[in-house]
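Notes to accompany the following structure.
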Amino acid sequence: MDYFEIEGKNQLFGDITVSGAKNAVLPLMAASILNDRALTINNVPKLSDSMTMGNLIKEMGGEVSFDVSSITINPQNLNIPYAPYKLVKTMRASFYVLGPLIAKFGEAKVSLPGGCAWGPRPVDFHIEGMKKLGIDISLEAGYVIAKSKKMIGNKIVFPKISVGATGNVLMAAVLAEGDTEIHNAAAEPEIQQLCLLLNEMGAKISGIGTNILNIQGVEKLGGVDSIDVIPDRIEAGTFLIAVAATGGKVTLKNVEPKHMESVIGLLRKSNIDIVEGKDSIVVTSNGLNIKACNMETHEYPGFPTDLQAQWMLLMSLASGNSTIKENIYFDRFTHILELNRLGCDIHLEEGCATIKGNRSLIGADVMSTDIRASAALIIAALCAEGSTSISRVYHIDRGYDKIEEKLAKIGAKIVRKK
Ligand code: EPZ
């Protein structure tokens, strides 16, 4: 299994082009099932998760081809509405195919997703939402069996905001008879792009970017030839935090600053210099006098949970103590143990982490546990005295396209080893 070897204490200078958003690509690939022709998705990062979704669509009879940074999916021969456990267990987002399969075929058999590094990640909101549309759902041997002669629009109120449930239910509701209203809908930019693609296919979705979506059901959807994926705000935020922590000056290209207001605001509050361009961000830091700032994760446009681990590392270097409250996943803290091995001093009490500042980090052997925890460990290693090896980097390959090459290009001493 690959691992990273990192020599710390090198500041970062230069520029990085940010990839397309993983969390936009996956729902767009699921939505391609509803297209009446081949859909080419451009600006796609080379990630194992997109490969997994591609393999799933192929298993169902769809044609999928990968180019350097695009994926073309032709769903015309897709005729097996079945998503097997062997694929769904490797990537939770595979569950997003349930909605489009039901909408297209009136039936689907989709494996329940496996767990993940932190706690159970249920799909009860997805299932309850589908039932509200008149879909008959049963659970058999770890599979969701869904059947529906005709979906009927309805009012759906999610108990709390869910990105996946919003996308999944949306992709069924677009072909329901009558209107659907989704309350506590996710407003994440990735969901906004999904809504825009569906509307370009002929769906009638309004309220995009708010927490109430209105969907007027249509008889059928037409076709879209291509779509360019929005920039990855989590990858971009990861690099901003990396430069803030190590010190240096880096320009991020192909970013959407308006998707990152909460992150940029908190970095500025921590004395990090950020200059926004139309599709670029320049971050400058001396890696010193970082101001400690308490943080709480929230749904968009709040501070994203996918940058919580990275922020935790930055606060370990701040001149003072701080806290983090994780409001999306109460137990998304597996990274604390590994960060403490590198010299952080972080304690957890009832879903709230207390981070001691002014830490001097020392390189050590550590292990990745999930995509974003791995990113925090890489940043910690870049700031640590001496060398660090990070094992199980397959986690990071799920969410970051060649992160070691992008970091090495701006001066990081990081190599991937077999
Ligand atoms: C998406 O996951 C992202 N994944 C996650 O990014 C991200 O952390 C998460 O949204 C929150 O922003 C993709 O987009 C592929 P949720 P998702 O449904 O849709 C609870 C990464 O690192 N919930 O918004 O699975 C759930 O337990 C990944 O790129 C239910 O209780 O997240 C959580 O507490 C990690 N029942 C909260 O809602 C449900 O049926 C939000 O989860 C669904 C969710």
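A short reminder: the numbers here are calculations on the coordinates, not readings from a lab. Given the structure is predicted, the values throughout are model-derived calculations rather than measurements. Every residue, glycine among them, receives a Cβ derived from its backbone with ideal geometry; neighbour counts consider all protein chains shown.
Here the Gaussian network model covers the chain, with springs between Cα atoms less than 10 Å apart; of Thr40, Thr238, Thr210, Thr210 fluctuates the most.
Placing +1 on the Cβ of every Lys and Arg and -1 on the Cβ of every Asp and Glu, with no other charges, gives the stretch 119-258 a dipole of roughly 220 debye about its Cα centre.
In the chain, helices alone account for a calculated mean residue ellipticity at 222 nm of -9000 deg cm²/dmol, with every DSSP H run of four or more residues adding -39,500 (n - 2.57). Note on Asp36 and Asp124: the model spin-label points, each 7 Å out from Cα along the C-beta direction, lie 4.0 nm apart. Panel order for Leu170, Leu197, by other beta carbons found within 10 Å of each beta carbon, from fewest to most: Leu197, Leu170. Cβ-to-Cβ counts within 10 Å put Leu87, Leu267 in ascending order as Leu87, Leu267, the fewest first. Placing unit charges on each Cβ (+1 for Lys and Arg, -1 for Asp and Glu) gives the chain a dipole about its Cα centre, and among Ala375, Gly8, Pro122 the Cα reaching farthest toward its positive end belongs to Gly8. Tell me which of Ser69, Gly217, His183 sits at the most positive position along the dipole axis of the stretch 22-228, charges placed on C-beta atoms (Lys, Arg +1; Asp, Glu -1). About the Cα centre, the residue reaching furthest to the positive side is His183. The magnitude of the dipole of the chain, with charges of +1 and -1 set on the Cβ of Lys/Arg and Asp/Glu and taken from the Cα centre, is near 300 debye.
Using r as the Cβ-Cβ distance of Asn294 and Glu261, and R0 as 22 Å, what FRET efficiency do you calculate, to the nearest 0.05? Efficiency computed from Cβ-Cβ geometry: 0.75. With the simple model of a label 7 Å out from the Cα in the direction of the Cβ, Lys204 to Val157 spans 2.6 nm.
With a cut-off of 12 Å between beta carbons, the residues surrounding Asp331 carry a summed charge of -1, where Lys and Arg count +1 and Asp and Glu -1. Between Ser65 and Lys46, the simple label model (points 7 Å from Cα in the Cβ direction) yields a spacing of 1.9 nm. Over 26 Å apart at the Cα level, from the set Lys269/Lys409; Lys22/Lys147; Lys89/Lys160; Lys9/Lys249; Lys46/Lys258, are Lys269/Lys409; Lys22/Lys147. Taking a sphere under 12 Å around the Cβ of Ile137 and counting the other residues whose Cβ falls inside, with K and R at +1 and D and E at -1, yields a net charge of -1. Once the chain from Asp2 to Gln76 is taken as fully extended at 0.36 nm per residue, the excess over their C-alpha distance is 22.8 nm. The listed peptides 360-368, 127-135, 16-24, ordered by packing as a protection proxy, come out as 16-24, 127-135, 360-368 (highest mean of other Cβ atoms within 10 Å first). If the chain linking Asn321 and Lys417 were pulled fully straight, counting 0.36 nm for each residue of separation and taking away their Cα-Cα distance, it would gain 31.0 nm. Each Lys or Arg adds one and each Asp or Glu takes one away; over the other residues whose Cβ falls under 11 Å from the Cβ of Lys249, this sums to -2. Both radii come from the Cα set of the chain: Rg as radius of gyration, Rh as Kirkwood radius; their ratio Rg/Rh reads 0.98.
Residues of the stretch 276-306 with the amide nitrogen closer than 16 Å to a label point 7 Å from the Cα of Thr354, along Cα-to-Cβ, please. Those under the cut-off are 293-295. For the stretch 252-358, trypsin sites (Lys or Arg not before Pro) are listed when DSSP marks them as loop and at most 11 other Cβ atoms sit within 10 Å of their Cβ; the list is Lys278. Since only Asn79, Gln192, Ala384 are under comparison, the one whose Cα sits farthest along the positive direction of the charge dipole of the chain, derived from C-beta charges on Lys, Arg, Asp and Glu, is Ala384.
Overall, the stretch 22-228 carries a charge dipole of about 460 debye about its Cα centre when +1 sits on the Cβ of Lys and Arg and -1 on the Cβ of Asp and Glu, all other atoms neutral.
Here the Karplus curve 6.51 cos²θ - 1.76 cosθ + 1.60, taken at θ = phi - 60°, turns the phi angles of the stretch 95-107 into couplings of 5, 5, 6, 4, x, x, 5, 4, 5, 7, 10, x, 7 Hz, with x standing for Gly and Pro. Structural descriptor for the chain: relative contact order 21 percent, calculated from alpha carbon pairs under 8 angstrom and at least 6 residues apart.
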